[in-house]
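What follows is a single structure, written as structure tokens, with notes after it.
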Number of protein chains: 2
Amino acid sequence: MAKFLRVDMSAKQAKFEEVSDKYLTLGGRALTSQLVADEVPAVCDPLGPFNKLVIAPGLLSGTNAPSSGRLSVGGKSPLTGGIKEANAGGITSQKLANLDIKAVIIEGKPADKGFFLLKITPDGVEMLSADDLAGKGTYEVTAICRERYGDKVAVITIGPAGEMLMPSAGVSNNDSDGNSSRYAGRGGLGAVMGSKGLKAIVVDCPKTFDAPVKDPERFKAAAKKFAKILLDHPVCGQGLPSYGTNVLMNIINEAGTLPTRNFKFGRFDKAGEVSGEKLAEVATARGGKATHACHPGCVMRCSNVYPMPDGKVCAPIEYETAWCFGPNLEISDLDVVAKLNYICNDVGLDTIEAGCTLGVLMEAGVIPFGDGQAAIAALEEVAKGTPLGRIIGSGATNAGKVYGVTRVPAVKGQGIPAYDPRSCKGNGVTYATTPMGADHTAGYAVTANILKVGGFVDPTNKDGQVELSRNLQVATAAIDATGLCLFVAFAVLDNPEGLPTIVEMLNAQYGTELTVDDVAALGQNILKVERRFNLDAGFTKADDRLPEFFSTEELPPHNTKFDISDNDLDEVFNF
Amino acid sequence: MAKFLRVDMSAKQAKFEEVSDKYLTLGGRALTSQLVADEVPAVCDPLGPFNKLVIAPGLLSGTNAPSSGRLSVGGKSPLTGGIKEANAGGITSQKLANLDIKAVIIEGKPADKGFFLLKITPDGVEMLSADDLAGKGTYEVTAICRERYGDKVAVITIGPAGEMLMPSAGVSNNDSDGNSSRYAGRGGLGAVMGSKGLKAIVVDCPKTFDAPVKDPERFKAAAKKFAKILLDHPVCGQGLPSYGTNVLMNIINEAGTLPTRNFKFGRFDKAGEVSGEKLAEVATARGGKATHACHPGCVMRCSNVYPMPDGKVCAPIEYETAWCFGPNLEISDLDVVAKLNYICNDVGLDTIEAGCTLGVLMEAGVIPFGDGQAAIAALEEVAKGTPLGRIIGSGATNAGKVYGVTRVPAVKGQGIPAYDPRSCKGNGVTYATTPMGADHTAGYAVTANILKVGGFVDPTNKDGQVELSRNLQVATAAIDATGLCLFVAFAVLDNPEGLPTIVEMLNAQYGTELTVDDVAALGQNILKVERRFNLDAGFTKADDRLPEFFSTEELPPHNTKFDISDNDLDEVFNF
């Protein structure tokens, strides 16, 4: 029977409890956001005893629905001060689902210092001291846990950044190879986990695809159909499996919306040096992999394995990470990008936030633009907890305040990702208005703006962007509830059979009679719940805005500004 | 004829302009807040081109009304993100008023780097390069300007903290002795001035008490009467003139509401070592002064001159500064307190914010509590602009985020001053609700809570605190418009002739027919204007709250928590 695992870190006790009807048909982001809204006071201190960390597999996770292994992590964000759901690939979601655990709810706060490890197996739950793991990076912690508990376990952990309560610390979990590099990175949930005194969660479950399904035959047919829908789409079936997400580098650069030198320019003349094509070439030559699945059963395999000159492996280098440490800092050395990525993975820091923060420090003149070695040296300060390391770990907005920088690319305290809002205006609407703080995944308008997936909306023109972002935000929230990777959206947007097939899988699994309209309603409801939380936490329309410089500075080469009016932005959530 | 001096720092031009009727009967805080509300977009970047810095003498400044030389400085605060009025003593207010300048409005932002000096004389205005002054501390800048332009000039300046755009940088001006130690300290307006490229404003005017008055005889009689009202009151006529504001140290300690060790305790066993009595003893023995007027014509003379062992002079050491560097840090060496105070004055940092920030760093374990030399060493990093110095300059809230500290005494991003809200609950209401961010001067309930001035309201009981704070906030806003020192309130609260006499002075000066009720209406209107700005800037009820720990941790020795409900707090502004 589906259950919650409630972990009280004040008493160091964990117990299973029945799932009430209200939560039975929720999963992933729908479940984490609903639980946070129901149980966390919106005005509480994100690092205090009243915040909770909620970890939930998606509705379809743990079945053989293709690409359905996303894990949602939720709580009140120390970075944004609002509600947060960050999701990740990796093998944890499937294991939790196969243990029939709908969510792990971590609450309270230990009175003393010290760190703990929560071990979840089919036999039950144990709370162990993790003082021997404290201070260690995520790679080492994961390796130790796999050695101690078996190499099939999933390890959720935080690095020193999370232990030090840094507002941009993430929560990692591992892929099948044991790499602790699948991150619920955004919004500082690693610091929330750190504030609870929880260093790691080990999930041991031998099964991967055996989560309960009411009608297995019907499910199998739908899952097979969905796999074909994905493989038939040019992005899901060809682009992503060839070069991974970093296939976008040249495309976004060509489109003139690649933020370069801290959002000063829209093109970087050396973008090719850090592109997916280049990455595939180098990785393959060094014995790595140009393509790789972040969790079993993914047909898109957009991940990669990049061997670094020092013998270590960075897996994967995502487009947004290649961007934030590459063009954003005017760095064109892929090995430097990989090194910065690896440091973040190990210390437990969100790469996008770290990249935006380094961009702000370069804007402030603390480090020169383009100086990869200086960027590496600065990022290495994070693990040491030096004042500079602390500033970097605090994120772009805080770093901007510390250094008096006005050109800070962030919304609601969270750094803006790899698509400039002035020439990919649909994404600009999403950055401004999503309850998550600037987040490209929350309503990925790059689809219609640049990739011409799901139609075409001129990226430099303000017309149609609000509607585009609205529809995508609603759809995304629903997808984030299913545990499906967001990238299925490419196929779903273009193939009218996509969404009905997802609904068919859900109905086969849960014995429900959902319609396509119900899925849209689910997405709307998630957004309403999240926005209500943020409203209670003190957010207003003034928080649904981009930084000033996007509307005063033109972005070359299109020389456009962000010109969507406040009134139009306020129409995004008109439902 | 009354005029505005409008200074466009984009074009480096300054011009006088006529004052429209709307602003003719406004002054001080009433004028700065109204101008900021009318001219500054509430959502703008505080350090960007759309913010303005407004400097205005009070309505009575420049006359011989006693203690009427307060200067108001306003703008959007980089520390709180809301509207800000910070006011200071010193000789500038009287000089501006005698030039018949109702306000200096500094706007725009230079495209290039470099600093400027604005020189205002009876003959006109000049904009001069100040690159030779850049990087210098306020003491040196003031000395150079007095040497260059005559030792009677008033010098408004910022230190390196303001140049470096630190969110807790203040705006200094000098006293009659040339000490650049009279600070419009709170809320980071020094950074706003720095963002405009303005290092200093020199005001040269030979007159001090000759501002235009419509009915001089009537005014003279009222002013004389008001002086007697002040001198007859035990606080204004005896307490303050004997030991200055630091007479409060032993009183507040005895009352058990002296925040000690970053608001952990309400009493400090060594409070006497940093008290006003001790200060007077040491200062006098070293040839300093136990009492001193911050501007000509003050009858309360609550300032002091403290010679330091290194031969320099710190003038004055106020109670709140002695507290924030003393009990707040568990430091009991008055010379250390003086040194920390002096460093702040010179680098151009608000002392209260710096003290709260050092408290947060001690809470984080970066510096040990009680270690004066470590505190001095840390504060000396500010002028160097090192990462630690930058963190200190960013204020308590930002430092708390950088170090993951939950016990951060601040509201709306501004550090809480020297009276613990758990056992001086009227002040707690003020801290929570004033549009200024935590500010003891905005509604100083210490009067009725502790000093039994204007009645008595039990400081540990929640009853009556909302009404007390409301009345004081309204009265304070009005007093801040007049240019009168807030300390006249002690006498005004106890003497029924006080307020009518202020009204009589205003009517004699301006030919108006104001009543006592009009003054209350003025106070209410100022608060409404300020709250409207904050609302537009994105503030909500959630911002009118104290930090979580004040309602979860009891404060010894009274062992009380802050227990005034959210609903009651929301009733403060019920007019």
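Tabulated data
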{"read-out": "Scope the stretch B:381-419; condition more than 13 Å from B:Val366 (Cβ to Cβ), more than 8 Å from every other protein chain (Cβ to nearest Cβ) and surrounded by fewer than 24 Cβ atoms within 10 Å (Cβ to Cβ); matching residues", "value": "B:Ala383, B:Lys384, B:Gly385, B:Arg407"}
{"read-out": "Answer from A:Glu553, A:Glu497, A:Glu530 - the residue that is within 14 Å of chain B (Cβ to nearest Cβ) and either open to solvent by 20 Å² or more (accessible area, probe 1.4 Å) or touching a helix residue (DSSP H, G or I) at 6+ places or on another chain (Cβ under 9 Å) (or both)", "value": "A:Glu553"}
{"read-out": "Residue that is modelled with pLDDT of 95 or more, in contact with a Lys or Arg (Cβ under 6 Å, 6 or more places away or on another chain) and farther than 21 Å from A:Val155 by Cβ, where the choices are A:Ser77, A:Ser33", "value": "A:Ser77"}
{"read-out": "Test set (1) open to solvent by less than 10 Å² (accessible area, probe 1.4 Å); (2) in contact with a strand residue (DSSP E or B) (Cβ under 9 Å, 6 or more places away or on another chain); (3) within 14 Å of chain A (Cβ to nearest Cβ); (4) not charged (D, E, K, R) - B:Ala438 fails condition number", "value": "(3)"}
{"read-out": "Members of the stretch A:340-364 that are open to solvent by 20 Å² or more (accessible area, probe 1.4 Å) and either out of contact with any helix residue (DSSP H, G or I) (no Cβ under 7 Å at 6 or more places or on another chain) or within 13 Å of another protein chain (Cβ to nearest Cβ) (or both)", "value": "A:Tyr342, A:Glu363, A:Ala364"}
{"read-out": "Positions within the stretch A:403-442 being of a type in the set (Gly, Ala, Ser) and at negative phi, in sequence order", "value": "A:Ala410, A:Gly415, A:Ala418, A:Ser423, A:Gly426, A:Gly428, A:Ala432, A:Ala438, A:Ala442"}
{"read-out": "Conditions (1) within 14 Å of chain A (Cβ to nearest Cβ); (2) of a type outside the set (D, E, K, R); (3) part of a loop (DSSP other than H, G, I, E, B); (4) within 20 Å of the chain's Cα centre (by Cα); number of the one not met by B:Ile367", "value": "(4)"}
{"read-out": "Close pairs from the stretch B:254-266: first closer than 9 Å to B:Asp420 by Cα, partner of a type in the set (Val, Ile, Thr), Cβ under 8 Å, at least 6 apart", "value": "B:Thr257/B:Ile450; B:Leu258/B:Ile252; B:Pro259/B:Ile416; B:Phe263/B:Ile416; B:Gly266/B:Thr257; B:Gly266/B:Thr260"}
{"read-out": "Those residues of the stretch A:243-292 which are open to solvent by less than 70 Å² (accessible area, probe 1.4 Å) and of a type in the set (S, T, N, Q), in sequence order", "value": "A:Thr245, A:Asn246, A:Asn250, A:Asn253, A:Thr257, A:Thr260, A:Asn262, A:Ser275, A:Thr291"}
{"read-out": "Test result for B:Lys12, touching a strand residue (DSSP E or B) at 6+ places or on another chain (Cβ under 8 Å) and on the phi > 0 side of the Ramachandran plot", "value": "yes"}
{"read-out": "Subset of the stretch A:10-40 (residues that are away from chain B (no Cβ under 14 Å), under 25 Å from the mean Cα position of the chain (by Cα) and open to solvent by less than 20 Å² (accessible area, probe 1.4 Å))", "value": "A:Gly27, A:Gly28, A:Arg29, A:Ala30, A:Leu31, A:Thr32, A:Ser33, A:Leu35, A:Val36"}
{"read-out": "Residue selected from the stretch B:370-380 under the condition under 24 Å from the mean Cα position of the chain (by Cα) and surrounded by fewer than 21 Cβ atoms within 10 Å (Cβ to Cβ), by the criterion farthest from the other protein chains (Cβ to nearest Cβ)", "value": "B:Ile376"}
{"read-out": "Strands (runs of 3 or more DSSP E) contained in the stretch B:41-151 and holding at least 2 residues over 22 Å from the mean Cα position of the chain (by Cα)", "value": "B:116-121, B:124-129"}
{"read-out": "Among (1) farther than 18 Å from B:Arg182 by Cβ; (2) in a loop (DSSP other than H, G, I, E, B), the one test that B:Glu281 misses", "value": "(2)"}
{"read-out": "Selected residue (criterion: farthest from B:Gly400 (Cα to Cα)) from residues of the stretch A:191-215 that are among the small types (Gly, Ala, Ser) and within 14 Å of chain B (Cβ to nearest Cβ)", "value": "A:Gly197"}
{"read-out": "Test set (1) within 13 Å of chain B (Cβ to nearest Cβ); (2) open to solvent by less than 10 Å² (accessible area, probe 1.4 Å); (3) on the phi > 0 side of the Ramachandran plot - A:Gly187 fails condition number", "value": "(1)"}
{"read-out": "Matching strands (runs of 3 or more DSSP E) fully within the stretch A:160-258 where at least 1 residues are closer than 22 Å to A:Val299 by Cβ", "value": "A:171-173, A:182-184"}
{"read-out": "Verdict on A:Leu535 being within 14 Å of chain B (Cβ to nearest Cβ) and among the aliphatic types (A, V, I, L, M)", "value": "yes"}
{"read-out": "Per-region count, the stretch A:379-396, residues touching a Leu at 6+ places or on another chain (Cβ under 8 Å) and touching a residue at least 12 places away in the same chain (Cβ under 8 Å)", "value": "6"}
{"read-out": "So A:Asn507, is it buried (at least 17 other Cβ atoms within 10 Å of the Cβ) and either under 24 Å from the mean Cα position of the chain (by Cα) or closer than 20 Å to A:Ala396 by Cβ (or both)", "value": "no"}
{"read-out": "Leading residue by the ranking (nearest to A:Leu79 (Cα to Cα)) among those in the stretch A:47-60 that are open to solvent by less than 40 Å² (accessible area, probe 1.4 Å) and facing chain B (nearest Cβ under 9 Å)", "value": "A:Leu47"}
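Residues checked against (1) open to solvent by less than 10 Å² (accessible area, probe 1.4 Å); (2) modelled with pLDDT of 95 or more:
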| residue | (1), (2) |
| --- | --- |
| A:Met164 | no, yes |
| A:Arg182 | no, yes |
| A:Phe226 | yes, yes |
| A:Val235 | no, no |
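Residues are listed down the side, and each one gets a yes or a no for (1) in contact with a helix residue (DSSP H, G or I) (Cβ under 7 Å, 6 or more places away or on another chain); (2) acidic (Asp, Glu); (3) assigned by TED's automatic domain parsing to the domain that holds B:Ala184; (4) free of Cβ contacts under 8 Å to residues at least 12 places away in the same chain:
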| residue | (1), (2), (3), (4) |
| --- | --- |
| B:Met9 | no, no, yes, no |
| B:Ser20 | no, no, yes, yes |
| B:Thr25 | yes, no, yes, no |
| B:Gln34 | yes, no, yes, no |
| B:Phe50 | no, no, yes, yes |
| B:Leu53 | yes, no, yes, no |
| B:Val73 | yes, no, yes, no |
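This table checks each residue for (1) under 27 Å from A:Val488 (Cα atoms); (2) in contact with a Cys (Cβ under 9 Å, 6 or more places away or on another chain); (3) among the hydrophobic types (A, V, I, L, M, F, W, C); (4) modelled with pLDDT of 95 or more.
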position	(1), (2), (3), (4)
A:Met308	no, yes, yes, yes
A:Leu334	no, no, yes, yes
A:Ile352	yes, yes, yes, yes
A:Met362	no, no, yes, yes
A:Ala375	no, no, yes, yes
A:Glu380	no, no, no, yes
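The values are calculated or read from the model by the stated rules, or taken from the named source; none is laboratory data. Everything quoted here is computed from the prediction, not taken from an experiment. Virtual Cβ from ideal backbone geometry, glycine too; neighbours counted across all protein chains shown. Side chains are part of the model used for accessible areas, which takes the heavy atoms of the whole protein and leaves out ligands, DNA and RNA. Shrake-Rupley method; radii C 1.70, N 1.55, O 1.52, S 1.80 Å.
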